[in-house]
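Down below is the structure, laid out as structure tokens.
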Amino acid sequence: MKKTLKVTDIIALGFMTFAFFLGAGNIIFPPLAGQLAGENMLPAMLGFLVTAVGLPLIGIIAVAIAGGGWTGLTRDLPSKVATLMAVLIFIIIGPAFAAPRTGLVAYEMAVKPFITDASQTSLTIFSILFFAVALFFAWSRGKLIDMIGKFLTPALFVVLTVLAIAVFINPQGSIIAAQGEYVTQPFTKGFLEGYNTMDTFAALMFGMLIVDVIRSKGVTDDKTTCTYLIYAGVIAAAGLAFVYVSLFYLGATSAGIAAGVGNGGVILTTYVMALFGPAGQIILSAIVLLACLTTAIGLISACADYFSTLTPLSYKKWAIVLAIVCAVVANVGLNMLISLSIPVLFALYPVAIALVALTLVRKWLPNPRLAYRMVLLVSFVFSMIDVAKYLKFDVSMFSDLPLFNYGMGWVLPTLITLAITRFVGTKNNNNPSDTVVV
């Protein structure tokens, strides 16, 4: 008899997925983008939603289509290349950037305002406590859907809904003129800002974790598992879109009380205090702590789950190692962590997008193995041009490349390569890589 999930379990699964995605970057980047976009908020917000909601949802769907795991996504790549890609992505969303960032944002926005004389020591102590709690929940991964999906996330969503309603009912200022790159290219700038959430990376990796959670509920049928995975992605995408729209509007109407601060966290803090008075900081602390904690749990769980398949260390031992590393890295400071992550995102985000696109069109490719190698290689090579440009190297020889000035010089070469591979090679009907075991 085929095991199925109850509607409440499906909703809880979607809430859990939403909570995994909604972390530090999802909270601090939209308010600043909204303020800078000003009158051009709508196109900027649409660009942001493409990379911060659309791509993660498509990523979850791609994981489902591929069979629910990294093996299915990369079946047409050499195993060593696939493993290297996975390790790099897990390092980025895990101990190097995204996971430590959850602890840093939680400290800066939820705890530091209550400390009279905040110091590096207080950050260190908080980091240890924060990741110890995340480790505790990550250890009980079989109960993730119950603890996060049924308890933590509903509480988070209620508080976010209260904030969203207050923002639209009582905006704290008028929308001003756009600033910087949002004046001339708001959609593209918003698109690139969406990179900072790292959620396309997370979608490719959380997919495996969500499959494990579904399986822990007794669902063994592959088709049913992937259907539930897509349901979870849709619920999470709807929740993220709701949060981003409200935070963009918050930022766009914040210039009167938080002009020129240059930090989305400060904008959000100032705005909430203006809306709710002294109680505002408690409300904000609840939002930030719950959002960052659930994401940290998901990241540690996903990374430990994958790394345990590559080494003799067990899942629990990897979880301990990752929690310790995250606590250490969190002490470098938020601004430094963000600045270090940007060139890495420019390098690997196009590759992740290309991988998702290949997965979606794979059945129409006459030679998937050739297509995957060519398209991913081209996307990586041209993404490195954007990295070099960001690092102030002279890459003016590529200035005629379409979208080069927008930091998206990789797009056209990647699309052209994908189009070429649609007509190159012959289909191998006996290719064993066409069969994927979830």
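The values are calculated or read from the model by the stated rules, or taken from the named source; none is laboratory data. In this text, all values refer to a predicted model and were calculated from it rather than measured experimentally. Positions of Cβ are backbone-derived with ideal geometry, glycine not excepted, and every protein chain shown enters the neighbour counts. Areas reflect the complete protein model, heavy atoms only, side chains present, ligands, DNA and RNA absent. Shrake-Rupley method; radii C 1.70, N 1.55, O 1.52, S 1.80 Å.
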Carbon and sulfur atoms: what percent of the 1.4 Å accessible area of segment 345-437 do they account for? 67
Residue-normalised value, i.e. accessible area per residue, for the chain at 1.4 Å probe, in Å², stands at 40
Determine the shape class of segment 345-437: with a ≥ b ≥ c the square roots of the Cα gyration tensor eigenvalues, call it rounded for a/c under 1.5, and otherwise prolate if a/b is greater than b/c, oblate otherwise. prolate
Counting only protein heavy atoms, what percent of the accessible surface of segment 7-331 is carbon or sulfur at a 1.4 Å probe? 71
Measure up K80/K317; K80/K316; K80/K189 against 28 Å on the Cα-Cα distance and list the ones that go over. K80/K189
Against the 2.2 N^0.38 Å scaling, with N counting residues, where does segment 178-331 land? I'd like the Cα-based Rg ratio to two decimal places. 1.30
Among 294-305, 224-235, what's the highest-first ranking by average C-beta atoms within 10 angstrom per residue? 294-305, 224-235
Contact order normalised by residue count of segment 345-437, Cα under 8 Å, 6+ apart, percent: 38
How high is the relative contact order of the chain? Use alpha-carbon pairs under 8 Å, at least six apart in sequence, and give a whole percent. 32
Going by a ≥ b ≥ c, the root eigenvalues of the Cα gyration tensor, does segment 40-174 fall in the rounded group (a/c under 1.5), the prolate group (a/b larger than b/c) or the oblate group? oblate
If you find the alpha carbon centre of segment 224-293 and of segment 44-67, how far apart are they in angstrom? 19
Evaluate the relative contact order of segment 16-174 (contact order divided by residue number), counting alpha-carbon pairs under 8 angstrom at least 6 apart; express in whole percent. 32
To the nearest 10 square angstrom, what accessible area does E181 show with a 1.4 Å probe? 90
Under the helix-only model (-39500 (n - 2.57) for each DSSP H run of 4 or more, divided by the residues of the chain), the mean residue ellipticity at 222 nm, to 500 deg cm²/dmol, is -22500 deg cm²/dmol
Tell me whether segment 94-226 comes out rounded, prolate or oblate; compute the Cα gyration tensor, take square roots of the eigenvalues as a ≥ b ≥ c, and use a/c under 1.5 as the rounded threshold. oblate
Show me 257-263, 358-364, 41-47 ranked by packing, highest mean number of other Cβ atoms within 10 Å first. 41-47, 358-364, 257-263
Area projected by the alpha carbon convex hull of segment 320-379, averaged over all directions, nm²: 6.0
